[in-house]
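S.K.: One structure, pasted below without further comment.
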Amino acid sequence: MATRHRQLTASSDRAAELWAAVDRLVDRATSLDNLAAHGLHLFAAHRWRAVGREVPEALVDEERRAGAVLLAATIALEQARAAYDGTMLLMKGMEVGECYPDPILRPLRDVDLLVDRPDRAQRALVAAGFEPLGRDDAYYARRHHLRPLALPGLPIVVELHRRPEWVGWAPPPSAPELLSEAVPSVTGVDGVLAPSPAHHALLVAAHSWAGAPLRRILDLVDVTLLAGGDFDRAELWEAARKWEVDGVWKTTSAAADAVLFGGPSLPWHVRLWARDLADVRERTVFTNHVRRIASPFSALPVRRALPAAGRAAGHAVRRAEEDTWRSKLRRAARALRHASQPVSRHVQGPRDSR
Amino acid sequence: MTADRAQRLRPDALRWREVDREVIAVDLGSSTYLSTNESGLVLWRRLAEGATRRELAAELQERFAIDASRAEIDVDNFLRALAERDLLEDVDDET
């Protein structure tokens with residue numbers, strides 16, 4: 001089964017077209033920072049080497065780091081599997097990366113495992129030497145995953161999930177439902193499962209949307225790769241409708257087709273609030289806000305999109321609990337000043353490579 | 001390094017990947033990262049299968065056009081560093 005999954009994605013004609021499309025995006029990008037904002041910087045190293053272009057030492061360092069993280073992820077997965085005797089399903093980055101031409105091309109930040117008994121699994125991993133990170137356990141009590149774990153000395157985080165991260169307007173699929181359709185993971189680690197291809201494509205699309213709708217090209221690549229499998233499309237659409245992400249799927253697929261394969265014209269949502277995907281550049285502070293408010297209209301019927309957009313707008317102007325009005329206003333003024341700047345320059349935080 | 005026996009990397013003690021023209025490895029016993037340069041990659045690949053000191057030195061000589069004594073010194077240093085971490089094992093006769 002593991003072999004079947006790999007063949008149905010990485011070796012299909014669609015996959016070959018996909019990697020050629022990614023090469024074209026790399027060629028079109030105006031800077032390495034823009035490629036990194038979309039998670040494609042490691043493809044740039046691969047591409048530039050292939051065409052005889054010099055690869056900057058900083059990018060070679062990124063490749064080394066990616067190799068070290070991938071090694072750490074493999075070790076963490078093996079040790080997590082050995083520590084826990086229940087059902088374990090690997091989702092998202094690490095599993096999808098196995099279907100890339102080289103898994104090192106897909107940036108990785110953590111190992112996402114959906115388990116049948118999360119608290120028991122967490123205790124088992126801690127007993128096996130994993131150390132808790134982040135905030136205290138109470139903070140994670142209502143989140144989709146438990147407190148992150150790591151093995152000492154290894155630069156990778158393991159997150160044990162109670163449920164997948166999901167869009168705000170619908171309940172996520174349950175762990176038993178996903179586990180019941182699971183297939184062997186393509187990582188080759190004995191006893192590790194992965195979501196069925198149809199489920200996995202929807203999980204990745206919904207997770208990406210929950211973080212930021214159409215947040216980066218790498219997510220479109222993941223979705224396209226997973227959707228290229230030889231499975232019944234009716235099964236995917238049925239699950240999408242049941243889990244209330246059919247609009248997300250439709251919008252994400254259309255964006256992927258347009259951005260990666262150059263459809264006849266850009267869908268309206270890409271033109272209006274996700275132009276950064278087509279232009280292969282980082283989104284600006286302004287478009288980031290527009291995206292949050294406008295995106296519900298691309299995923300939901302209008303009667304449901306209106307309140308969702310209202311909540312997004314409210315969130316933008318509301319003061320957080322730990323915030324004062326003074327600091328909120330200061331940040332709002334700063335955002336206005338930086339409206340045309342890339343988000344990373346505005347927040348000056350680490351780049352998300354999940 | 002006097003006896004020229006065939007040795008190989010211990011698969012149960014290491015995980016590794018090739019990145020461009022280098023090797024990045026993790027010593028599982030200590031969770032320590034190791035890396036090699038391009039000549040180290042040549043030796044690493046041969047040691048993954050199993051090789052003698054003489055075979056390794058000959059490989060270096062051929063690939064990098066260096067003299068025999070330099071190649072032997074490089075191989076000895078490389079094997080010593082791995083042996084100090086207990087990352088090598090003898091290849092059984094039947095293998």
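Laboratory data are not the source of any read-out in this text; all were calculated from the coordinates shown. Here the structure is a predicted model, which means the values were calculated and not measured. Positions of Cβ are backbone-derived with ideal geometry, glycine not excepted, and every protein chain shown enters the neighbour counts.
S.K.: Filter region B:55-95 for residues that are outside any helix (DSSP H, G or I) and closer than 20 Å to B:Arg21 by Cα and give the result.
M.R.: Of all residues in region B:55-95, those outside any helix (DSSP H, G or I) come to B:65-67, B:85-95.
Matches in region B:55-95: B:Ala65, B:Ile66.
S.K.: Under 7 Å between Cβ atoms, which residue pairs at least 6 apart in sequence (or on different chains) link something in region A:131-152 that is without any contact (Cβ under 8 Å) to a residue 12 or more places away in the chain with a partner that is basic (Lys, Arg)?
M.R.: A:Asp137/A:Arg147; A:Tyr140/A:Arg147
S.K.: How about region A:74-122: which of its residues are within 14 Å of another protein chain (Cβ to nearest Cβ) and over 19 Å from the mean Cα position of the chain (by Cα)?
M.R.: Correct list: A:Ile75, A:Ala76, A:Glu78, A:Gln79, A:Ala82.
S.K.: Further question: Taking the residues in region A:112-131 that are under 15 Å from A:Leu90 (Cα atoms) and out of contact with any strand residue (DSSP E or B) (no Cβ under 6 Å at 6 or more places or on another chain) as candidates, determine which candidate is surrounded by the fewest Cβ atoms within 10 Å (Cβ to Cβ).
M.R.: Only one residue tops the list, namely A:Asp116.
S.K.: Could I ask something else about it? Do the conditions hold for B:Asp20, that is, is it without any contact (Cβ under 8 Å) to a residue 24 or more places away in the chain and surrounded by 15 or more Cβ atoms within 10 Å (Cβ to Cβ)? Talk me through it step by step, then tell me what you get.
M.R.: Values: without any contact (Cβ under 8 Å) to a residue 24 or more places away in the chain: yes; surrounded by 15 or more Cβ atoms within 10 Å (Cβ to Cβ): yes.
Against the criterion (without any contact (Cβ under 8 Å) to a residue 24 or more places away in the chain and surrounded by 15 or more Cβ atoms within 10 Å (Cβ to Cβ)), B:Asp20 qualifies.
S.K.: Just a yes or no: is a residue in region B:44-54 closer than 23 Å to A:Leu105 by Cβ, within 14 Å of another protein chain (Cβ to nearest Cβ) and not in a loop (DSSP other than H, G, I, E, B)?
M.R.: Checked region B:44-54: at least one residue is closer than 23 Å to A:Leu105 by Cβ, within 14 Å of another protein chain (Cβ to nearest Cβ) and not in a loop (DSSP other than H, G, I, E, B).
S.K.: Just the residues that are surrounded by 20 or more Cβ atoms within 10 Å (Cβ to Cβ) and more than 14 Å from every other protein chain (Cβ to nearest Cβ), please, taken from region A:141-156.
M.R.: Those that are surrounded by 20 or more Cβ atoms within 10 Å (Cβ to Cβ) and more than 14 Å from every other protein chain (Cβ to nearest Cβ): A:His145, A:Leu146, A:Leu149.
S.K.: Shifting gears a bit: Considering only residues that are assigned to a loop (DSSP other than H, G, I, E, B) and buried (at least 17 other Cβ atoms within 10 Å of the Cβ), which ones fall in region A:170-180?
M.R.: First, the residues of region A:170-180 that are assigned to a loop (DSSP other than H, G, I, E, B): A:170-174.
Once the filter is applied, which keeps residues that are assigned to a loop (DSSP other than H, G, I, E, B) and buried (at least 17 other Cβ atoms within 10 Å of the Cβ), region A:170-180 yields A:Pro172, A:Pro173.
S.K.: Restricting to region B:28-43, and then to whatever is facing chain A (nearest Cβ under 10 Å) and more than 13 Å from the chain's Cα centre (by Cα), can you tell me which residue is nearest to A:Asp102 (Cα to Cα)? Before the answer, list the steps.
M.R.: Quick first cut of region B:28-43, residues facing chain A (nearest Cβ under 10 Å) only: B:28, B:30-33, B:35.
Right, trim to more than 13 Å from the chain's Cα centre (by Cα) and you get B:28, B:30-33.
Numbers: B:Leu28: 23, B:Ser30: 27, B:Ser31: 24, B:Thr32: 24, B:Tyr33: 21 Å.
Filtering region B:28-43 for residues that are facing chain A (nearest Cβ under 10 Å) and more than 13 Å from the chain's Cα centre (by Cα), the one nearest to A:Asp102 (Cα to Cα) comes out as B:Tyr33.
S.K.: Given the options A:Val186, A:Val158, name the one that is assigned to a loop (DSSP other than H, G, I, E, B) and among the aliphatic types (A, V, I, L, M). So that I can check it myself, show each step before the final result.
M.R.: Values: A:Val158 fails: assigned to a loop (DSSP other than H, G, I, E, B).
So the residue among A:Val186, A:Val158 that is assigned to a loop (DSSP other than H, G, I, E, B) and among the aliphatic types (A, V, I, L, M) is A:Val186.
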